[in-house]
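Before any comments, here is the structure.
The values are calculated or read from the model by the stated rules, or taken from the named source; none is laboratory data. Being a predicted model, the structure only gives us computed values, none of them experimental. Here the Cβ positions follow ideal geometry from the backbone for every residue, glycine too, while neighbour counts run over all protein chains shown. The area values use the complete protein model at the heavy-atom level, side chains included, leaving out ligands, DNA and RNA. Shrake-Rupley method; radii C 1.70, N 1.55, O 1.52, S 1.80 Å.
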Amino acid sequence: MSPMSDVMVLKQIRLAPLHYRLTLAAPEAAREARPGQFLHVRCGETLDPLLRRPISIHAVDREKGELSLLYRVAGRGTALLSEKKKGDTISLLGPLGRGFTMPSVSEKVSVVAGGIGIAPLYFLLQEIGARGQAATVFWGAATREQFFSPAAPGQNNDGAAGRCFSVMQGICEQGHKIFQASDDGSVGFHGTITDLFEQYLNSHRSGEAVLSRYGNIVTDHEQFKLDQVVSRVYGCGPRGMLKGLCGVIRQEEIPGEVSLEERMGCGVGACLSCACKTRDEKDGFQYRRVCVEGPVFSAREVVWD
Amino acid sequence: MSEATSGEKAKEKPNLVVNIGGLRLKNPVTTASGTFGFGPEYAPYIDLNRLGAIVVKGTTLQPRLGNPTPRLVETPAGILNSIGLQNPGVDHLIEEALPFLAQYDLPVIVNISGDTVEDYARLAEKLGRTAGVAGLEVNISCPNVKKGGMQFGSDPAMAAEVTRAVKENTDKPVIVKLSPNVTSIVAVAEGVARAGADALSMINTLLGMAIDIKRKRPLLGNIMGGLSGPAIRPVAVRAVWQVYREVDLPIIGMGGIVTVEDALEFILAGATAVAVGTANFINPRATVEVLEGIEKYLVANRIHGIRELVGAAHRT
């Protein structure tokens, strides 16, 4: 296929004041997409704002040929994107980038998301769940609103009638366990998601049911082995959160991958704008391209300044 | 090459061939260095054989890590970049990038940068004897490196010295890329012309910066960067216009070209060829669309060869 295509908007729902879910008729992109990959989206028609916006793929329905993006309005580009309506056309490049390495079926997978970082992890959970594997999901956000739960049953999140979409419900229906944390304590654990994840590891180690208040975890391991609880971690979220997460899993020697964001130009590896510092034996570090060598990197290789 | 004007000929495809300082290009559409990688990045989107030439990412003697991030900021109808000449070095270019491009019927122009005049001389000598290099574009105008770069391009005497050093070390066409961040771009162009340059590329990016008002600090990791994109096009067209009047060298015009109309402005102002840069990021097919647009324009206006159009705005 040509990696550039014009596709049609099927649906756009507002999930929270700044959060949207956009569904596109894109059979080829849906067929080729792998969790962790992104689309480079032309948000407007004019030359200002100029650049495309990289947006991670949030969900695919290969049978229907549909692909969804979950995004937060962060500037002029995404604001224009949020105005797209059913029937509008959008120019895409992609799927682009290197996605997550799929875990083996026997692995104990934990997924740690900060805010809108849930977007690409949702697709990963969809793929893992489809083969009957259950993951443990840790999702943190600032406030209740940012978990985008529908306002009322049978309503869209912006109050309109019609079938709603719930990230929480979607993850649960895929068969995964989910723990939540919020900065203001309005949902789940009062604190950061990395702290909750660390407590989860510790609670298993000590045999205490620290987490019972936040989820249905059973902690009765007499002979604790970490890799029986978590043998692989996937993370996406703000830089500070990922730095903390990588610190935790490096200390525990759990293999993991994180999906990074950086200001991006071309999306195809030509302009070298979206550089990420990674470990390099010769020079100490080198810059690698988030758009081509990423956006997913091994937790071990990222250098956090 | 004849540009016959018989009725029969008018129906034929217009002649798109141009000559850039001894380098024959099958058409006038090229890529701006740093916006097109080394070619493979865009091979999934266009047939590279259709380009008049490819100008590859700026190359230095040794590999360069580049500048700290963020390296890119979007500004009104433009972008500021401070990549800092990240590149794998000339040996890697010769061993890895050139063999890929050798599959194509495509002149390869290598953009070279150095900290010292000696660096430029050594690069010219090395690439001068490398098969698969059709010409050199001398970057004396990069705003994003501490040493060399724009420093060489802002002083006519220094610009001439670098040009002379390159010319003395290669027989291949030498194209000097000029900076707009100067008091008189004509004076620099005259300097490099006297030093033996075969052609000019103009313009490089405009030095600029942007500040994050929330965090109260510069947005770019390297503080300042080079502005490109549609925002700079009028500046670039003006520069081409001025230099075309005073300096008798072919010009590759660039700076914010997105559409065929933009490219035609440059040609009418005096550019023999054009380079598409930032627009590749938005539309990977921009080069081919500009080329097809030029062909259509020539046919629609019954112009038999692109060369009739070069500098035409000066004559009407």
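Helix B:185-194 axis versus longest C-alpha principal axis of chain B: approximately 80°, rounded to the nearest ten. Spin-label pair residue A:285-residue B:314: with each label point 7 Å from Cα along the Cα-Cβ axis, the two points sit 4.9 nm from one another. Estimated from helical segments only, the mean residue ellipticity of chain A at 222 nm is -6000 deg cm²/dmol, where each DSSP H run of four or more residues counts as -39500 (n - 2.57). Restricting the calculation to Cα atoms, the protein assembly as shown shows an Rg/Rh of 1.03 when the hydrodynamic-style radius is the Kirkwood one.
Modelled this way, with points 7 Å down the Cα-to-C-beta line, the labels at residue B:105 and residue B:235 are 3.9 nm from one another. With a cut-off of 9 Å between beta carbons, the residues surrounding residue A:275 carry a summed charge of +3, where Lys and Arg count +1 and Asp and Glu -1. Heavy-atom accessible area, probed at 1.4 angstrom with all protein chains present, ranks A:298, A:106 as A:106, A:298, highest first. Accessible surface area normalised per residue over chain A is 43 Å², counting heavy atoms of protein chains with a 1.4 Å rolling probe. Classification of chain A by its C-alpha gyration tensor yields an oblate form. The axis ratio a/c (a ≥ b ≥ c) is 1.5 or more, and b/c is at least a/b. Taken across both chains, chains B and A shield about 2600 Å² of accessible surface from a 1.4 Å probe. Rounded to the nearest 20 debye, the dipole magnitude of region B:3-314 is 620 debye, with +1 charges on Lys and Arg beta carbons, -1 on Asp and Glu beta carbons, and the Cα centre as origin.
Size descriptors for region B:3-314, from the alpha-carbon set: Rg then Dmax equal 18.5, 66 Å. Please give me the summed charge of the neighbours of residue A:30: other residues whose Cβ is under 10 Å from its Cβ, Lys and Arg +1, Asp and Glu -1. With Lys, Arg at +1 and Asp, Glu at -1, the neighbours total -2. Summing charges over neighbours of residue B:176, with a neighbour being any other residue whose Cβ is under 12 Å away from its Cβ, gives 0 when K and R count +1 and D and E count -1.
To the nearest ten degrees, helix B:286-300 and the longest principal axis of the Cα atoms of chain B are 30 degrees apart.
Diagonalising the gyration tensor over the Cα atoms of region B:1-134 and scaling each eigenvalue by 5 before taking the square root yields semi-axes of 32, 20, 14 Å, largest first.
With N the number of residues in region B:80-218, Rg(Cα) / (2.2 N^0.38 Å) evaluates to 1.11.
The chymotrypsin sites (Phe, Trp or Tyr not before Pro) of region A:241-305 that DSSP puts in a loop, and whose beta carbon has at most 13 other beta carbons within 10 Å, are A:304. Modelled label positions at residue B:261 and residue B:292, each set 7 Å beyond Cα in the direction of Cβ, lie 1.8 nm from each other.
Between 0 and 90 degrees, rounded to the nearest ten: what's the tilt of helix A:193-206 against the longest Cα principal axis of chain A? For helix A:193-206, the angle is close to 30 degrees. Figure legend: label point modelled 7 angstrom from the Cα of residue B:129 along Cα→Cβ; residues of region B:52-71 with amide N under 19 Å from it are B:61-62.
Applying a threshold of 30 Å to the alpha-carbon distances of A:86/B:214; B:26/B:167; A:177/B:214; A:108/A:243; A:64/A:85; A:277/B:216 flags A:86/B:214; A:177/B:214 as lying beyond it.
Starting from the exponent 0.38 and prefactor 2.2 Å, build the expected Rg for region A:1-48 from its residue count and divide its actual Cα Rg by it.
Values: Rg = 12.5 Å, N = 48, 2.2 N^0.38 = 9.6 Å.
The reported ratio for this selection is 1.31.
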